[in-house]
Amino acid sequence: MNVFSVFLTNRGAAAVLLLQAVALVPPVAVTLWLGSQRTVLMAMAAFATVLAWDAIFAALRDRRFAPSGVTTAAIFVVLAPADVSLWQLAVGLSLGTVIGELVFGGRGFGFLNAAAVALALTVLSAPGMALAAPGSAVAWASLPGAAVLLGAGLINWRVPLAFLVVVFSSQGGLTPPEALSILATTVFVLVFVISDPTASAVTGIGRLVQGAVAGVMVWALGSGPEDALRSETLIFAALLASLFAPLLDHAALTLNLRRRAARQRSLARIDHG
Amino acid sequence: MSCEWVAMIRADRSHLVQTGAVPDQTADFTGLPTALSGLDFPGMRIRSEVAPGDAVAVGQVLFRDAKRPEIAFVSAIDGRVAQVTYGPRRTLSAVVVAPEAGLRRPASPPASASLISDRDPDAAGDLRNLLLARGLWPAFVARPFGGPPDPQARPDAIVVNAVAPSAGAPDPAGVLAGREADFSRGLRALTTLASGEVHVCLGPGTALWHGPIPRVRPHRLGRRRGWGRTGVQIHRLAPASLDHRVWGISYQDVAAIGRLVETGVYDPLRVVMVTVPAHGARRLVRVALGVGLRPLCALLPEAPDSSARLLSGSEVDGRATPWLGRHHDEITVLTRPARQVAAGQPIIPHSGLERVFPFDIPPVPLMRALTIGDIEQCQRLGCLEVLEDDVAGLSAICTSGTDYGRCLRSVLDQIRKDAA
């Protein structure tokens, strides 16, 4: 147990949101620092949109306002296309938070990552638009957040490990610099989107297979090795893998129950045999 | 004075955890009120044999299970019945006995000769009647469903927990020092009750009895994570199900059974560890079953102020009740305020959940099924193997703030009703 997991175990979902938001501060700060005035404008529009929808649904449901959209907006800001117009941003984010999260009851009640849904819909609605590729600065900035989330137990190590194993092995022979550059391109999406606890499987085997599925999707959706690690491919792979997560959990549970039933039968034979 | 005492405890603590507490460091605390609480026997309707104001002696029957009147529940101290309170539908809430000085003790029941003989076919029936009548039957926790087992049931296995479930619990080797004869006699008694084996879970390096006993199988646990709790031990060694009944019992109760069988004397005292995590202080005390937590802690040198929260059980899955749980051997004194979780929060999976639920059952699917009351799914996942104490850790840590113990109890009651 470390300080982050102790903090988490005495509190509710608001603490989870706080830790996730804190983890996202460095990448967002780097993006805003390296970006232009337009980036800041986009960030303001993004946060305003998601917080407005959070407030609307809180009022409709007569519940306490929970700004769970801040992490959605943060991820969107880092990956948003440079040439997206503000209204496209607002519509994409609105659809993402509402369909991906709020209609289920809020963060944690659904099974999708709202930022992934928002980015996917934005890309789909404007053909030819490419998501921003997070550079090495953003990659470095993601690492402290990854450490915090891993320490608190919010990210399970199985998902990113399986993803990286599949991606590395699908690239054939890799030199360390190549591997590092793949890691740099993928780490932000891997930590904050693919490994999102609310969009992941909840069993050990399910998590491993989900990471592997995401890796396979990256390979399958990209039209070539240099194409595979574009942000759109990563986002769509994340989305598809999280759609598979409930099925993977179901399969993992079936295996678990079968194993335990066999064990119970063998124990009964030992006792009475 | 208290600083030195705390320092002594700290110095002792490493000694305690590794090699066991020395018995004369355990202080006796008598003259405290005790109670039998309905939380230990959920949903049990009772037929009371005493009324408030009656004088009772140690071992005197206070009430019986209304559905199974052979099961007697007895007083742990000499005193006067202070209150008999009922919960919904006349289930037990609490029967409190307050100590009273100078009460003339009624004559105790005659001592019986040793009843246990492996070769005597009637011995098991005599033992059963003895335990039922003298109030030691509630020491057993039956799985599935919990509570005292049916008087005529023959379990497929009995699991004796002789491991300290957490760092805040007393070390069994120290507690049983000098009472190995009682413990092995108790184990022999248990073998006559079960159709299968009696599994005894032991810590590393402890030898609690001498020589092998037939149909008693020791399991040395070493440092296996989470194996300290009876529920996990049963889950790993002899999983319970509708067809496979398993009883759990703790080592102190086994020693009490052994003593009852040999001398006919009912032993109501248990060794309990009081822990104050904020100061790192611990204290071993010997108290009566069901002792009042606040009166006990008021007598201790590091007496907490009245705003401290007292839990029966460990820091993570203890119960905030006024009385020591029937099957608990630790008390935790907390100074931090109780956790407040707003209603309607989601379950966010994190690794802490697996840490407090060391079963081979994935916690989040079980928690989801319990929350929505999906009885079929709960049963598929193995809810028959767990009881409220096992999921209490999940209730304490889950971001949703759901009381999984209560959800589990309603699911188990429904399954029991359907199976009947």
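Where both bridge residues fall in segment B:239-336, DSSP classifies roughly 80% of the beta bridges as antiparallel.
Comparing the full protein assembly with the isolated chain, the residues of segment A:107-141 losing at least 40 square angstrom of accessible surface (1.4 Å probe) are A:Phe109. Inter-label distance, B:His210 to A:Leu243: 7.1 nm, where each label sits 7 Å from its Cα along the C-beta direction.
Normalising the Debye intensity of segment B:151-300 to I(0), with uniform scatterers on Cα atoms only, and taking log10 at q = 0.16, 0.17 Å⁻¹ returns -0.93, -1.03.
Residues of segment A:147-186 whose accessible area (probe 1.4 Å, heavy atoms of protein chains only) drops by at least 40 Å² once all protein chains are present, relative to their chain alone: A:Gly153. The GluC sites (Glu not before Pro) of segment A:162-248 meeting both criteria, a DSSP state outside H, G, I, E and B (loop) and at most 10 other C-beta atoms within 10 angstrom of the site's C-beta, are A:Glu226.
Each chain gives up part of its surface: A and B jointly bury about 2900 Å² of accessible area, both sides summed, for a 1.4 Å probe. Report, in order of residue number, the helices in chain A meeting two criteria: a C-alpha extent of 27 Å or more along the helix axis, and a mean Kyte-Doolittle hydropathy of at least 1.0; treat each whole DSSP H run as one helix. Membrane-span-like by this rule: A:13-34, A:37-61. Across B:Asp267, B:Asp317, B:Asp126, mean-square fluctuation computed from a Gaussian network of chain B (C-alpha pairs under 10 Å connected) peaks at B:Asp126. Across segment A:165-207 the C-alpha pair distances fall into 5 Å bins from zero in the proportions 5, 19, 22, 21, 16, 12, 4 percent. The portion of the accessible surface of chain B made up by carbon and sulfur, rounded to a whole percent, is 52 (1.4 Å probe; DNA, RNA and ligands excluded). The B:Asp54 and B:Arg90 beta-carbon pair, evaluated with R₀ = 25 Å, returns a calculated FRET efficiency of approximately 0.85. Just the protein heavy atoms count here, and of the accessible area of segment A:148-273 at 1.4 Å, carbon and sulfur take up 70 percent. With protein chains left intact and a 1.4 Å probe, residues in the protein assembly as shown average 42 Å² of accessible area per residue.
By a 1.4 Å probe calculation restricted to protein chains, A:Ser5 has an accessible surface near 10 Å², given to the nearest 10.
Would you work out if chain B is rounded, prolate or oblate? Take a ≥ b ≥ c from the square roots of the eigenvalues of the alpha-carbon gyration tensor; rounded if a/c is under 1.5, else prolate when a/b is larger than b/c, oblate otherwise. It is rounded, given that a/c, with a ≥ b ≥ c, falls under 1.5.
What's the FRET efficiency of B:Asp28 with A:Met44 using the Cβ-Cβ distance as r and R₀ = 56 Å, to the nearest 0.05? It comes out at approximately 0.20. Annotation: amide H of A:Leu154 within the under-5 Å range of B:Ser351, sequence separation 5 or more or interchain, hydrogens built in the peptide plane. How would segment B:226-379 be classified by its alpha-carbon gyration tensor: rounded, prolate or oblate, with rounded meaning a/c under 1.5 and the a/b versus b/c comparison settling the rest? Oblate, because a/c is 1.5 or more while a/b does not exceed b/c. Beta bridges from DSSP with both residues in chain B: antiparallel share about 65 percent, rounded to the nearest 5. For the protein assembly as shown, rounded, prolate or oblate, judged on the Cα gyration tensor with a ≥ b ≥ c (square roots of eigenvalues), a/c < 1.5 rounded, else prolate if a/b > b/c? The shape class here is prolate. With a cut-off of 17 Å, note down the residues of segment B:29-47 whose backbone N falls inside the zone around a label point 7 Å from the Cα of B:Gln83 toward its beta carbon. Once the point is set 7 Å along Cα→Cβ of B:Gln83, B:33-40 turn out to lie under 17 Å by backbone N, inside segment B:29-47. Mean separation of Cα pairs under 8 Å and 6 or more residues apart, divided by the residue count, gives segment A:1-124 a relative contact order of 23 percent.
Take the Cβ atoms of B:Ile372 and A:Leu124, set R0 to 41 Å, and the FRET efficiency comes out at 0.75. Relative to the current alpha-carbon distance between B:Ala101 and B:Arg286, full extension at 0.36 nm per residue lengthens the span by 64.7 nm.
The values are calculated or read from the model by the stated rules, or taken from the named source; none is laboratory data. The model shown is predicted, which means the values in this text are computed figures rather than measured ones. FYI the Cβ positions are ideal-geometry reconstructions off the backbone, even for glycines, and counts take in every protein chain you see. For the accessible areas, the whole protein counts, side chains as well, though only heavy atoms, and no ligand, DNA or RNA atoms are used. Shrake-Rupley method; radii C 1.70, N 1.55, O 1.52, S 1.80 Å.
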